[in-house]
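Heads up, the thing below is written out as structure tokens.
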Amino acid sequence: MSTHEAWSLVCRLFAGGTPVFRGALSPAEIGACTTLGPAIKPTVISRTFTLCPYCQLRNGQVFGDGQGGQVCQCSDCGPIPLAANDLAAVMLDKSWLRSKLRMALEIESRDGFTDLGNGVWRLGEARRGPALLAPNLVPLCVDPSVFDRVRVAGATIRVITPASVEARRARLPAGVEWLPLDERFAYYGGGISFLQPGAQPAPAESQEPWTLVNGPFSADFKWVTLASWPQGPIRCTDRQAEVFKALWSFKGAEMHRDRVMQRAGQEGRKPIDPFKVKDRDKGKPAHEGPLHAYRELVHARQRDGLYWMPCASPDAVAA
Ligand SMILES: [Zn+2]
């Protein structure tokens, strides 16, 4: 189990802010829960609703099956018998995160935590500059009054939040430095280490394959990151990536499907062809993810055979 996956799970649970069903975790994330030990706490989200164990997409109401067992009534799959641990969920121990971040930033223990409300915590004064932890950077930039409450003359305020497309675009108030939780910290030896800028290995090694390079896409178009898909970066097949790359090259302009498919180097009739989900794969996030990305990003006027991807237009890329 890589410590990298463990740290990704911590960041994802902190960004989401709510417990998640174990059934919604990937096998790698289940392993990460073990690696993380006390950072992850078992919990129960609800005894009346649960994630459908069959499709793992919808929540269904829980009923007794009349024989001592339970079933989940999924609106898509119908009644699905529940195993004992199907109601199990996990949550991040946020006090673990706060105390390990303090150690990573070398904050003295006598300088206590302060709950500033709305999920924002002052972790203390690292090297005499206040450090804040918050689940989302954007509201703090819209209403920066929280920074005024902790500001110390002559010191930069450091604010730690999960990285997101929105956070990268947020305009920081003067005297505030953003430390993306996912990038400037790492899980190490049961605790958290702070990564100094410039101390990381060369970008080719430190960059994740899904690092955003072309709008929501990675450099090779094989990964898509969308806020509307909470399971994390979506992995595309080679054929799907070729279609996205072809549409991207037209910079948001409407293009006939034949030209799109020609540029993608594919035989298919329509750009959506490689995204279609076979019946046996219906409901599986690995297959539904790319289709979700296609539906969100690709626009079409079917009657005229025209396709375009608005996020590739120069205006959208510059934003
Ligand atoms: Zn279902």
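Looking only at the stretch 91-113, decide whether some residue is β-branched (Val, Ile, Thr) and modelled with pLDDT of 90 or more.
As a first pass, look at the stretch 91-113 and keep what is β-branched (Val, Ile, Thr): 107.
With modelled with pLDDT of 90 or more added as a condition, the list becomes none.
No, there is no match, as no residue in the stretch 91-113 is β-branched (Val, Ile, Thr) and modelled with pLDDT of 90 or more.
Scan the stretch 79-102 for residues that are surrounded by 15 or more Cβ atoms within 10 Å (Cβ to Cβ), away from the ligand (no atom under 16 Å from the Cβ) and either more than 23 Å from the chain's Cα centre (by Cα) or not basic (Lys, Arg) (or both) and the total you get is 11. Are there any pairs with C-beta distances below 7 angstrom linking a residue in the stretch 65-77 that is in a strand (DSSP E or B) to a residue that is within 16 Å of the ligand (Cβ to nearest atom) and of a type in the set (Val, Ile, Thr), with the two at least 6 apart or on different chains, and if so which? Correct list of pairs: 70/62; 71/80; 72/50; 72/62; 72/80; 74/80. For residue 76, the criteria (1) buried (at least 17 other Cβ atoms within 10 Å of the Cβ); (2) touching a Cys at 6+ places or on another chain (Cβ under 8 Å) hold in every case but one, which is (1).
Considering only the stretch 36-74, how many residues are more than 18 Å from residue 21 (Cα to Cα) and either touching a His at 6+ places or on another chain (Cβ under 9 Å) or of a type in the set (S, T, N, Q) (or both)? Here the count works out to 1. Only one entry of 273, 258 meets the criterion of being free of Cβ contacts under 8 Å to residues at least 60 places away in the same chain and surrounded by 15 or more Cβ atoms within 10 Å (Cβ to Cβ), and that entry is 273.
Take residue 3 and decide whether it is surrounded by fewer than 18 Cβ atoms within 10 Å (Cβ to Cβ), more than 16 Å from the ligand (Cβ to nearest atom) and without any contact (Cβ under 8 Å) to a residue 60 or more places away in the chain. Let's see the steps before the verdict.
Working: surrounded by fewer than 18 Cβ atoms within 10 Å (Cβ to Cβ): yes; more than 16 Å from the ligand (Cβ to nearest atom): yes; without any contact (Cβ under 8 Å) to a residue 60 or more places away in the chain: no.
No; evaluated as a whole, the condition is false for this residue.
Pairing each residue of the stretch 52-63 that is farther than 18 Å from residue 289 by Cα and without any contact (Cβ under 8 Å) to a residue 60 or more places away in the chain with any residue that is within 6 Å of the ligand (Cβ to nearest atom) and not in a loop (DSSP other than H, G, I, E, B), provided the two are 6+ apart or on different chains, yields C-beta distances under 8 Å for 60/74.
Table: residues versus (1) of a type in the set (Gly, Ala, Ser); (2) assigned by TED's automatic domain parsing to the domain that holds residue 129; (3) modelled with pLDDT under 90; (4) in a helix (DSSP H, G or I).
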site: 153; (1), (2), (3), (4): yes, yes, yes, no
site: 159; (1), (2), (3), (4): no, yes, no, no
site: 172; (1), (2), (3), (4): no, yes, no, no
site: 192; (1), (2), (3), (4): no, yes, no, no
site: 210; (1), (2), (3), (4): no, no, yes, no
site: 230; (1), (2), (3), (4): no, no, yes, no
site: 241; (1), (2), (3), (4): yes, no, no, yes
site: 258; (1), (2), (3), (4): no, no, no, yes
site: 268; (1), (2), (3), (4): yes, no, yes, no
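The values are calculated or read from the model by the stated rules, or taken from the named source; none is laboratory data. Since we're looking at a predicted model, the values are computed, not measured. Here Cβ is always computed from backbone atoms with ideal geometry, including for glycine, and neighbour counts include all displayed protein chains.
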